[in-house]
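Following: one structure in structure tokens, then a few remarks.
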Amino acid sequence: MRMVDIIEKKRDNHALNKKEIEFFVNGYVKGTIPDYQISSLMMAIYFNSMNEEETVHLTEAVLNSGETIDLSEIEGVKVDKHSTGGVGDKTTLVLGPLVASTGAKFAKLSGRGLGHTGGTLDKLESIKGFNIALSSNDFVKQVNDINIAVAGQTKSLAPADKLLYALRDVTGTVPSIPLIASSIMSKKLASGADVIVLDVKIGEGAFMKTLDDARELSRTMVKIGKAFGRKVVAFITDMSEPLGYSVGNKLEVVEAIQTLQGNGPADLHTLCLKIGSHLVHQAKITETLEEAEKMLKKKISSLEASDKFKSLIQAQDGEYPDLNDYIHVGNIVAVKSEKAGYVKSLNALEIGLSAMRLGAGRAAKDDEIDADVGIVLNKKVGDKVEEDEVLAYLYTNNKDISDEVKTVLKAYTLSDTEVPKKELILDIID
Ligand code: URA
């Protein structure tokens, strides 16, 4: 088989077969096929796409390029959730303990943030001592003991995806539905859970910009799950404005704890209840979704959910934060509105990029993160604002942040007339 024939076949818009797909994935991992040929193929796939069968074969080839996690020693249905990435998205920190407090087994491998999106691992590692490097044995034992473990993806999990993603990132071929679907699903399938809820974000701060694209991506991932005997449900949720109020690692941990205690922002609380109900119901803890939601609300009010977060932190060697003495920054700068009105839009991408430049995220893979810095929004879409009222606070250790103040101010668009609150859950595909 010759790589150039595979490239030409896809360039001419024909479907690739299983053998051809395995050939290029395995050849790339082994180093026998060079970057320039894989780049060319990725671009051909970007333009001509892949059908369902090709996408399943691609997922399987990427999945089989490395190890898979065996969760069979964990009793009961194993559940997992994945977000396609957003700004202020601390859902896992809330959802994991919340769902685990009902008895469901939450076994999650997470990644780091890059660019304007935050990563769960960075948030967890902002908790002093928290260990994300669990061995498979310890991971399984912890889920059996306390119903929850959240660890870092190892290098051996879907290694082909790491190579392909890095190449796509620098060749303009990330936003392709079959490539995104196979990339996400290969890692999720390798992580071993029986039930996976996907949170597909759309809007300024997300990969998917339109509802139609998000629906197609969701359907593709649900079908891939089915082809591998897993139950997958996809939520399509708004990411045109950040989720919750806090963006930045420790700030998001604080907001997650507040949400677990029943004092969090309404959008984050609702999203966790809705996704959580699906996980709990699919894990067969309750017979209906309604019962699941009721149970989750009780777990929050009884503080069992926040206690479960404490157990998770303890089990992974972390120190539970003292919220009264947790965030330490040189400066908290208020960004004030220049006029009165109603918030019409709040650009999540700009807020994410600004938080990243303050030090909360990485522009490049090896950049260091400052766990304490970030942005706390004071106003979100639909809120009324007076002239000179605070829109957001910047938590910073930088001396001169006048550019960031301007960026955050520009991220807000005000209207003279009232604006309805944003719809958060736009569709559910299963
Ligand atoms: N997230 C992934 O894991 N892969 C993609 O291709 C895009 C987002």
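Some values worked out for this structure:
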read-out	value
Cβ-based net charge around R219, under 14 Å, with every Lys or Arg adding one and every Asp or Glu removing one	-3
Whichever lysines have a C-alpha closer than 16 Å to that of K188, once near sequence neighbours (fewer than 8 apart) are set aside	K78, K81, K105, K108, K155, K162, K223, K226, K231
Kirkwood-type radius of region 186-264, with distances r between different C-alpha atoms, in Å	14.3
Normalised per residue, the volume of the convex hull around the Cα set of the chain (Å³)	139
Charged-residue dipole, Cβ positions (Lys, Arg, Asp, Glu), region 49-151 about Cα centre, Debye nearest 20	620
At R0 = 41 Å, FRET efficiency that the Cβ-Cβ distance of A15 and V170 yields, to 0.05	0.95
Solvent-accessible area, 1.4 Å probe, carbon plus sulfur percent, for region 1-114	46
The chain: relative contact order as a whole-number percent, Cα under 8 Å and 6+ apart	19
Accessible-area composition of region 232-294, carbon plus sulfur, in percent [1.4 Å probe]	47
Under-13-angstrom lysine pairs by C-alpha in region 331-415, whenever the two are 8 or more apart or on separate chains	9
Accessible surface, the chain, averaged per residue in Å² (probe 1.4 Å)	43
Protection-proxy order for peptides 320-331, 296-307, each taking the mean of Cβ atoms within 10 Å per residue, highest first	296-307, 320-331
Hypothetical label at V4: residues of region 15-38 whose amide nitrogen lies under 13 Å (7 Å Cα-Cβ projection)	37
Protection proxy ranking, peptides 101-113, 148-160, average beta carbon neighbours within 10 Å, highest first	101-113, 148-160
GNM result for the chain, Cα springs below 10 Å: residue of H14, H278, H116 fluctuating most strongly	H14
Nitroxide proxy distance, nm - points 7 Å out along Cα→Cβ at T68 and D430	2.3
Sparsely packed chymotrypsin sites (Phe, Trp or Tyr not before Pro) within region 215-305, loop by DSSP, other Cβ within 10 Å at most 16	F228
Value of Rg/Rh across region 265-321 [Cα atoms, Kirkwood radius]	1.04
Translational diffusion of region 209-325, µm² s⁻¹ [Kirkwood Rh, Cα pairs; Stokes-Einstein; 37 °C; 0.692 mPa s]	201
Inter-site label distance for N331 and L211 at 7 Å from Cα along Cβ, in nm	4.3
Portion, in percent, of the accessible area of region 327-430 that falls on carbon or sulfur, probe 1.4 Å	45
Simple spin-label estimate for K421 and K365 in nanometres, 7 Å along Cα-Cβ	4.1
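The values are calculated or read from the model by the stated rules, or taken from the named source; none is laboratory data. Not measured: the values here are computed from a predicted model. All Cβ positions, glycine included, derive from the backbone under ideal geometry; neighbour counts span all protein chains shown. Heads up: the accessible areas ignore ligands, DNA and RNA and are worked out on the full protein's heavy atoms, side chains in. Shrake-Rupley method; radii C 1.70, N 1.55, O 1.52, S 1.80 Å.
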